[in-house]
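First the structure, in the form of structure tokens, and then the observations on it.
The values are calculated or read from the model by the stated rules, or taken from the named source; none is laboratory data. Bear in mind the structure is a predicted one, so any value in this text is a computation, not a measurement. Using ideal geometry, Cβ is built from the backbone for each residue, glycine included, and neighbour counts are taken over all protein chains shown.
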Amino acid sequence: MPATAADTLVWRMPPMDMSMPMMPGLEDAVPPALPALPDQQAMGIPVARPSEVVSLADGDTLHLEATLIRRQLGGRPFVMYGYNQQYPGPLISVTRAATVVVVFKNELEEPTTVHWHGLRLDNRFDGVAGLTQAPVAQGESFTYEVFFPDTGIYWYHPHMREDMQQDLGLYGNMLVHSEREGYYSTVNLEEVLVLDDLLIDSHGLIPWGQTSPTHALMGRFGNVMLTNGVTDYSLAAAPGTVARFYLTNVANARTFNITFGGAPIKVVASDVSKFEREVFVESVPVAPAERYVVEVHFEHPGEYAITNAVQAINHFRGEFYPHVDTLGMISVAGAPAAPDYGEDFRVPRTNTDVIADVDSVRGFFDRPPDKELSLTVRVTNLPVPIMMAMEADTLYVPPMEWNDAMPMMNWLSTGSQVTWIMRDAATGKENMDIRWDFALGDIVKVRIFNDPKSFHPMNHPIHVHGQRFLVLEMDGRRNTNLVWKDTAVLPVGSTMDLLIEMSNPGDWMAHCHIAEHLSAGMMLGFTVHRAPPSKGSSGD
Amino acid sequence: MTTFLALAILLSGAAPAGLCEAPPEYYKIDLVPTRRVPAARQATGAAHLTYTESPFGISVSPAGHYRYDVEVVVENLRPAPAGVYVAWLSTPNLKEVVRLGPLTDAIRGRTEWNKFLVIITLESSARANQSRWQGPVVMRGLSRSGLMHTMAGHGPYEQEPCTVYGYY
Ligand SMILES: [Cu+2]
């Protein structure tokens with residue numbers, strides 16, 4: 001029987017991936033927010049199509065529209081959101097240093113913006129509602145000038161209610177090619193992989209909170225995995241293929257741990273640059289909003305499953321358990337790949353261009369931190385059984401929340417009860433009360449400590465807008481293979497030192513990229529001022 | 001002067017470089033002496049966990065286990081009249097054991113077990129091929145993950161019978 005609107009727009013306990021009895025006293029509890037969902041019965045909604053590549057040259061214009069779309073997932077129909085009626089949104093393909101114009105139109109009922117994640121573009125076009133622009137209301141437009149200063153894989157998404165808008169499908173990639181020959185190794189095939197999850201039960205999409213996100217504690221983990229927007233992603237390759245994958249995690253909260261059916265993986269690049277040195281890895285952990293570029297060698301014929309393999313936690317039983325999601329299948333068959341790049345693959349490159357680039361800031365590595373932040377959480381008015389269970393449970397909290405280990409409690413917590421906090425150690429200021437000032441060209445060391453002594457600590461992928469940074473140290477250990485990033489994940493109890501290059505003037509934000517944590521306050525502001533004219537050197 | 005130098009060497013041996021500046025307190029495993037070896041009764045120690053080097057900051061196995069470098073540091077452990085102190089890692093059920101080595105300076109090892117014990121024993125010799133300890137346990141500690149325990153029968157689940165979930 002098809003679900004009706006009345007069926008779907010009620011709170012339903014989200015499905016759980018473990019056996020866990022209902023917590024006494026919470027049998028009938030629902031989140032203290034109204035449920036919200038796009039009208040699943042809406043008429044005349046266009047059927048969405050898979051993402052298309054849009055190649056743009058410097059100065060070109062793209063028209064981008066956010067609308068309702070109709071999609072099929074696992075054979076079931078859903079009304080969701082999309083950019084240009086595609087899932088994911090169009091793949092914008094450009095050459096580094098290009099600037100393109102994106103005329104964005106919002107055809108959704110709710111206001112939205114577009115943030116160009118990872119791009120060091122003009123501050124006016126960063127897409128942060130309330131900071132760099134007003135929200136774009138239904139029927140209105142906003143014109144972005146999108147500048148691509150760095151080679152790599154980037155993504156665009158709303159910067160309002162990401163927990164709902166992004167989850168409903170508003171995301172797309174930008175693939176920035178180098179103008180230089182041989183920037184990456186030559187490979188047989190290239191593929192963009194967008195990793196996501198969606199929370200669905202037998203009635204349909206589990207509603208989102210209308211005015212405040214649900215799942216404010218751990219973020220909304222989906223139970224249906226999507227690769228490039230589908231549940232049955234597949235790829236065909238010839239034996240011997242060396243493939244380059246551009247991975248982006250667009251999930252609200254889930255960190256993936258990706259393997260390719262045991263095929264050898266070489267990690268090449270991350271958010272904003274290549275690594276100093278390519279290295280072989282056995283899996284690729286990708287936190288929300290992070291990107292990794294990896295090369296994989298499919299030497300022999302066979303079926304290779306792309307999997308997310310984690311040690312999940314069952315808090316009720318107090319146990320770890322292995323959990324594997326199959327995210328897609330790669331069929332390797334037929335005539336051997338030609339040319340054979342297998343030999344090149346086995347030799348990891350040293351990227352002297354990246355090393356030279358990092359050299360420009362190496363002199364700052366040993367300086368004391370300029371800023372120190374601690375990450376914590378404050379809760380009010382949560383149901384008593386949740387408070388009891390959480391407090392009893394925090395003897396051990398895993399460094400990373402790979403699964404929603406407390407689905408009921410998590411679902412019931414909303415942004416009105418939970419405040420996630422970034423606290424400035426020097427001033428005691430929190431979240432958007434923090435407004436740091438820097439000068440253009442400053443190299444700033446920020447030490448961030450993820451305080452385990454809080455009500456419910458969790459890992460946080462920290463994103464810095466408009467700049468690039470290096471993760472210099474984790475827990476006092478120097479990182480010996482650096483890469484420029486815009487997002488880095490900090491496990492519970494750990495400390496990381498970021499070296500941020502303040503290369504782009506304007507009013508920016510740094511925040512946790514777990515969508516619900518961002519909505520629950522976990523963000524700060526900073527301004528990069530154009531350097532005052534220096535005395536004597538430039539007055540002529 | 002000589003005394004000072006000796007002390008400095010001792011201290012540098014006891015305090016692993018790189019861990020002192022920003023110790024990941026949350027993942028420090030305290031080692032607690034048993035009463036079985038008199039020379040060890042005043043001993044204190046800890047196993048420090050840091051992620052093994054990885055391009056991703058966090059370090060996990062293909063199956064998702066955290067990969068830790070373990071560094072064992074023990075102080076005030078007087079030499080035993082006979083035998084050698086040896087450090088081990090073990091799964092909580094003692095089914096799997098890894099020998100870290102004799103306790104001379106700082107002891108380093110690696111693990112990717114979800115829950116584990118750090119054990120110091122007094123062995124008759126420093127034989128490297130020993131697969132399990134034979135001597136008395138001198139000190140032991142439990143990974144923080146080992147504190148995670150079933151909620152059945154506790155807190156809000158007080159009425160939930162443990163036995164249903166395999167606990168007795
Ligand atoms: Cu967070």
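Evaluating B:TYR66 against the criteria (1) farther than 28 Å from A:ALA309 by Cβ; (2) in contact with a helix residue (DSSP H, G or I) (Cβ under 9 Å, 6 or more places away or on another chain) leaves one unmet condition, (1).
Does A:THR326 fit the bill of being under 19 Å from B:TYR66 (Cβ atoms) and assigned to a strand (DSSP E or B)? Taking the combined requirement at face value, the residue does not satisfy it.
Restricted to region A:362-478, the set of strands (runs of 3 or more DSSP E) holding at least 3 residues that are crowded, with 17+ Cβ neighbours inside 10 Å comprises A:371-379, A:418-424, A:443-450, A:460-464, A:468-474. Within region A:134-162, being of a type outside the set (Phe, Trp, Tyr), outside any loop (DSSP other than H, G, I, E, B) and closer than 25 Å to A:ARG96 by Cβ holds for A:THR143, A:GLU145, A:VAL146, A:GLY152, A:ILE153, A:HIS157. Restricting to region A:35-57, name every residue that is in a loop (DSSP other than H, G, I, E, B) and touching a Phe, Trp or Tyr at 6+ places or on another chain (Cβ under 9 Å). Passing the criteria: A:LEU37, A:PRO38, A:GLN40, A:ALA48, A:SER51.
When only residues in region A:233-272 that are in a strand (DSSP E or B) and among the charged types (D, E, K, R) count, which is nearest to A:HIS460 (Cα to Cα)? Filtering first and then ranking leaves A:LYS266.
Of all residues in region B:124-155, those being over 29 Å from A:ILE313 (Cβ atoms) and crowded, with 21+ Cβ neighbours inside 10 Å number 1. The residue pairs whose first member lies in region B:76-94 and is more than 15 Å from B:THR121 (Cβ to Cβ), whose second member is buried (at least 22 other Cβ atoms within 10 Å of the Cβ) and modelled with pLDDT under 95, and whose beta carbons are closer than 8 Å, counting only pairs six or more residues apart or on different chains, are B:ARG78/B:ALA40. Does A:PHE449 satisfy the condition of being more than 15 Å from the ligand (Cβ to nearest atom) and of a type in the set (A, V, I, L, M, F, W, C)? Criteria not met by A:PHE449.
Only a single item in (1) of a type outside the set (D, E, K, R); (2) within 14 Å of chain B (Cβ to nearest Cβ); (3) in contact with a Phe, Trp or Tyr (Cβ under 6 Å, 6 or more places away or on another chain) is not met by A:ILE258, and it is number (3). Filtering region A:75-121 to residues that are of a type in the set (D, E, K, R), part of a loop (DSSP other than H, G, I, E, B) and in contact with a strand residue (DSSP E or B) (Cβ under 6 Å, 6 or more places away or on another chain) leaves A:ARG96, A:GLU107. Filtering B:GLY101, B:GLY153 for residues that are more than 20 Å from B:ASP69 (Cα to Cα) and either at pLDDT below 80 or away from chain A (no Cβ under 14 Å) (or both) leaves a single hit, B:GLY153. Given the structure, is A:GLU282 touching a helix residue (DSSP H, G or I) at 6+ places or on another chain (Cβ under 9 Å) and either buried (at least 16 other Cβ atoms within 10 Å of the Cβ) or within 13 Å of chain B (Cβ to nearest Cβ) (or both)? No: the conditions fail for A:GLU282. Within region B:54-70, is even one residue of a type in the set (Lys, Arg), more than 7 Å from chain A (Cβ to nearest Cβ) and out of contact with any strand residue (DSSP E or B) (no Cβ under 8 Å at 6 or more places or on another chain)? No, region B:54-70 has no match at all. Scanning region A:466-500 for residues that are more than 12 Å from chain B (Cβ to nearest Cβ) and away from the ligand (no atom under 16 Å from the Cβ) returns A:GLY466, A:GLN467, A:ARG468, A:PHE469, A:TRP484, A:LEU499, A:ILE500. Do we find a residue being within 14 Å of another protein chain (Cβ to nearest Cβ), in contact with a strand residue (DSSP E or B) (Cβ under 7 Å, 6 or more places away or on another chain), farther than 30 Å from A:LEU518 by Cβ and modelled with pLDDT of 95 or more anywhere in region A:329-345? The answer is no; no qualifying residue exists.
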